[in-house]
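Below: the structure, in structure tokens.
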Amino acid sequence: MKLELRGITKRFGSLVANDHIDLVVNPGEIHALLGENGAGKSTLMNVLYGLYQAEDGEILLDDEVQHFAGPGDAMNAGIGMVHQHFMLIPVFSVAENVMLGHEQTRFGGTLDLAAARRQVREISARFGFHVDPDALVGDLPVGVQQRVEIIKALSRDARVLVFDEPTAVLTPQETDELMVIMRQLKAAGTSIVFITHKLREVREVADRITVIRLGRVVGEASPTATNTELASLMVGRAVELTVTKDAATPGAPALVVDKLSVIDVDGQIVVNNVSFDVKAGEILAIAGVQGNGQTELAEAILGLQAKVTGEIVLDGVSLRDKSVRGVLNAGVGYIPEDRQQDGLIAEFTIAENLMLDRADGAPFVARGSLRLAYLADFAAAKLREFDIRAQGIATHVGRLSGGNQQKVVLARELSRTLRLFVAAQPTRGLDVGSIEFVHTRIVETRDAGVPVIVVSTELDEVVALADRIAVMYRGGIVGIVPADTDRDILGLMMAGDTPDSIAKQKGAAA
Amino acid sequence: MSTTVATPRFDELPTHLDRAVVKSWKVPAIFAVFTVVGIVLFVVLGRNGVTHFNLSTSTDLIKLPIAAVPTRGAGIIVVIVSAVLTAIAVALSYTARKVPLGVITLFAVVFFAGFLTWAAAGHTLAVPGLLLSAIGISVPLIFGALGGVVSERVGVVNVAIEGQLLAGAFVSAVVATVTHQALIGFIAAMVAGVLVSAILAVFSITYLVDQVIVGVVLNVLVIGLTDFLYSQVLASNAPTLNAPPHFPFLPIPILSGIPVIGPALFRQTIIVYLMYAAIFLVWFALFKTRWGLRVRAVGEHPTAADTVGINVNRTRFLNVLLAGAIAGAGGAYYSLAASPLFTREVTAGAGYIALAAVIFGRWNPLLATLAALLFGFTSSLQFSLSAAGSPVPSEFMLMLPYVVTILAVAGLVGHSRGPAASGKPYIKS
């Protein structure tokens, strides 16, 4: 089916998220929509899917103008979507999820589950998916859940399929498999819109590339374009894709984590018997697919997890039984992975957010009162030092862009004397300019002799920053390898293979 | 392992993380406390004599003999069984296994039996009467709990069950009196429940007001309104406004002749038979039909439901109204079957107990019904036992159902997971 968007314009208040966007996707074509976070890609697709109503412009399918009042209309017209955050109900079975919204029923509205099972099996067989229709979706690994999303769309005869940042939650191997699936779908005549900000993937699979920036189409590119060309088109200026850093000069082990386990509220062992150390002046990157215990590990170091066994020792002092306050006082700086939820208070000003972790005494509090003049000077200085783009220190943090918000967090955490710096997903959702800034500051912190832990699910970031890489899988550390380890090996480790077994396989293959 | 990169690797992977070995001593501790209470009550302070259990009524087809149980001997046996069950629970917990629900149920049944034997020493306990009043107390609770299940499954916390029951009781009394038709009163009760629900729905779904707060305010509003109308209007015009005709008892042939349970279950009014149908229908519809699948989808993950073309807020609105109709029907039972007329605050907090039954029953209509029956049974004990000359003060017995509810919900259920989106408004951007 041919999809055409003409002059789509969508505003949120004064913000123009999509500004007269034109896009043509031909039948059997993989069309990549490339752009930074916040460029307007997802908004455009939500307009296409009927979740948002555009102020202006029209959607055409096979040259016929469509009017979508809701997702139901879009689906009936043949548009399917694989959402970035899966739209699946964890407590339902695969068959129930696939049938939801277009259920086949028998007498009296009773569900015809047998028909839904058949349909799941039939589509699975067509693409070699191996999905059990009776499995509960919540029990399935994310890669399989994504296939359920694809089956869901195909069961409604989707002929235009939109993939919204589909690789964010996948291992590199799962990503490769998704590429194969996309090519299969294309061969079957499905038109595909592939939304991403990852250049490598675009070049591998796309037939055509449309780049959008700040809500506008800024150009088309062919898959033969280089990374640098695509990146500068996406960002609007020449960008440095690699982090410039000198070789590390690691000192003695500063943080020693020994046999650390974390048990969550459901009694699951989310971090399983993990041991490692971080030396002064070194960056240890913790890689892994989202949800393999990295978050809990970082939180355990900070004292945010309730049930922790094992030992966490920083410069000879045990952190395990310290309160969060105690851990901060021991010199630990922390960038939480969800800055809006855990890193900042949106309703507070920049100045207030900059002193959040030091509200218990000097230098910001004296005799039970805030030293507002001191705080104002401090905040103004940090605003300049960290290049935070805001009207002033009294601006509410919630009104800043993601990049500037993260700079506020960074400014707060780096303004103490640190003995350990833990950065969880420090650049998630940031624009390229801010990513460069954050990376530079992290490397500077390392060069100042502070041990640094960077938790990241982005392999590019891990490789760019790390001096050593620890890969986590299902709560355990699969292995700790040097920073120059081959990406393929890192990918296999993210799927649970130990470096030893990979070496053996290679040996066997050779 | 010689897997190659191209095969779909994750299909072979284990899907669950390892579970931590967590030893929970809650159940054995509760068992031990009750065993000690049993030793003190049934043995140390044991009462001599014989307890008679009358298992039949005068109209039963099959007459069972009156069972005579030596009180102290029964007490000793109960204590021994309790101690054995406690030991089993300790052994299970020591090896970090869960104490099965069957063991917990057995313990509760044995202990209750011991308690009844002890309390009615030297007297005769009429078991069919005990069960009959247990069912009677349970009926509004079950209707309320079914309403709660429907509402919470679709994602709206229904604290207003109390208000729906009370509105149903009031309106059914007045309408049935005026029309001289119990059935019309019953239908009016459902309409009254729907009206209370409509306010809940408008404020919580349309205007996004916190659902719990709207529910509590509604309860207070209905109590205030019915109190006012009762004292200003009904009290002085009782013969014309508050003398509702009652549903007749319709014994079901054969079934009502089953010994012990027959009279309680099958010598009832049409409301109770409708309740049996409602329990089954809500369960069946929730888990086997398109309606149920959509209701549960909306309550678990409204955005996902929206993306497959289900109108989330309309689904919520309609089902909250349905929940009100079910709870309202429970209210009618007060005025048209249980008591001769409507009295001030006749529900006396039953709506909150129904809410507890929803949680205790894990948002499942069948389990919630059992939970409501448990409460009804413990409530009815006070009547039967004071009739049988129990030495326990009646004030203590009044407290018992609430203690049992707290123990059941907090102690035995523990952390149970409701519909994921229950209580959260769905806001479309």
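Of note:
- Rounded to two decimals, the Cα radius of gyration of region B:20-122 over 2.2 N^0.38 Å is 1.30.
- Percentage relative contact order, region B:132-365, counting C-alpha pairs under 8 Å, at least six apart: 43 percent
- Its residue count N fixes a reference of 2.2 N^0.38 Å for the protein assembly as shown, and the Cα radius of gyration divided by that reference is 1.12.
- In summary, the lysines within cross-link reach of B:Lys428, defined as a Cα separation below 24 angstrom excluding same-chain residues under 8 places away, comprise A:Lys10, A:Lys41, A:Lys152.
- Solvent exposure ordering (accessible area, 1.4 Å, most first) of A:Lys198, A:Lys504, B:Lys63: A:Lys504, B:Lys63, A:Lys198
- DSSP beta bridges in the protein assembly as shown [antiparallel fraction, %, rounded to 5]: 60 percent
- Residues whose amide H comes within less than 5 Å of that of B:Val157, counting only those at least five positions distant or on another chain, are B:Gly423 (H built at 1.01 Å from N in the peptide plane).
- Under 5 Å from the amide H of A:Met81 lie the amide H atoms of A:Val162, each residue being 5 or more positions distant or on a separate chain, with H modelled from the backbone and absent for Pro and chain starts.
- The mean sequence separation of alpha-carbon pairs under 8 Å and at least six residues apart, normalised by the residue count of region A:3-235, gives a relative contact order of 29 percent.
- Legend: helices of chain B (whole DSSP H runs) are marked when their alpha-carbon atoms reach 24 angstrom or more along the helix axis and their mean Kyte-Doolittle hydropathy is at least -1.0; marked are B:71-94, B:101-119, B:127-153, B:161-179, B:182-201, B:211-229, B:270-288, B:312-333, B:365-387.
- Set of lysines near B:Lys26 by C-alpha distance (under 30 Å), chain-local residues within fewer than 8 positions excluded: A:Lys259, A:Lys307, A:Lys322, B:Lys98
- Max mean-square fluctuation residue, GNM over chain B, Cα-Cα springs under 10 Å, options B:Gly361, B:Gly418, B:Gly215: B:Gly418
- Here the label points at B:Val50 and A:Ser222, each 7 Å from Cα along the C-beta direction, are separated by 10.5 nm in the simple model.
- When only Cα pairs below 8 angstrom with a gap of at least 6 residues are kept, chain A shows a relative contact order of 14 percent.
- Value at 222 nm in deg cm²/dmol, rounded to 500, when DSSP H runs of n ≥ 4 in the protein assembly as shown each add -39,500 (n - 2.57): -14500 deg cm²/dmol
- Converting phi to 3J(HN,Hα) with the Karplus coefficients 6.51, -1.76 and 1.60 and the offset θ = phi - 60°, region B:262-269 yields x, x, 5, 8, 10, 10, 9, 8 Hz in sequence order, with x at every glycine or proline.
- Largest accessible area first, the listed residues B:Leu221, B:Leu141 line up as B:Leu221, B:Leu141 when surface is computed with a 1.4 Å probe on the assembled protein chains.
- Per-residue shielding of A:385-391, expressed as the average number of other chain Cβ atoms within 10 Å of the residue Cβ, stands at 0.
- Taking each of A:Lys2/B:Lys424; A:Lys198/A:Lys506; A:Lys198/A:Lys407; B:Lys288/B:Lys424; A:Lys186/A:Lys407 in turn, the alpha-carbon distance tops 31 angstrom for A:Lys2/B:Lys424; A:Lys186/A:Lys407.
- Per-residue shielding of A:267-274, expressed as the average number of other chain Cβ atoms within 10 Å of the residue Cβ, stands at 3.
- Only protein heavy atoms count here; on that basis, with a 1.4 Å probe, B:His180 has an accessible area of about 140 Å².
- Shielding by partners for peptide B:300-306, expressed as the average number of C-beta atoms from other protein chains within 10 Å of each residue's C-beta, is 6.
- When all protein chains stay in place and ligands, DNA and RNA are ignored, the 1.4 Å accessible-area order of B:Arg316, B:Arg72, largest first, is B:Arg72, B:Arg316.
- Loop-located trypsin sites (Lys or Arg not before Pro) across region A:82-149 with a Cβ neighbour count of 14 or fewer within 10 Å are A:Arg106, with loop assigned by DSSP.
- Total accessible surface hidden between B and A, rounded to 100 Å², 1.4 Å probe: 3900 Å²
- Other-chain or far-sequence residues with amide H under 5 Å of A:Val365's (modelled H): A:Arg371
- Stretching A:Glu385 away from A:Phe12 to a fully extended chain increases their span by 131.1 nm, per 0.36 nm per residue minus the current alpha-carbon distance.
The values are calculated or read from the model by the stated rules, or taken from the named source; none is laboratory data. Fair warning: this is a prediction, and the values are worked out from it, not measured in the lab. Ideal geometry is used to build each Cβ from the backbone, glycine not excepted, and the neighbour counts take in all protein chains shown. Heavy atoms of the whole protein, side chains included, go into the accessibility calculation; ligands, DNA and RNA do not. Shrake-Rupley method; radii C 1.70, N 1.55, O 1.52, S 1.80 Å.
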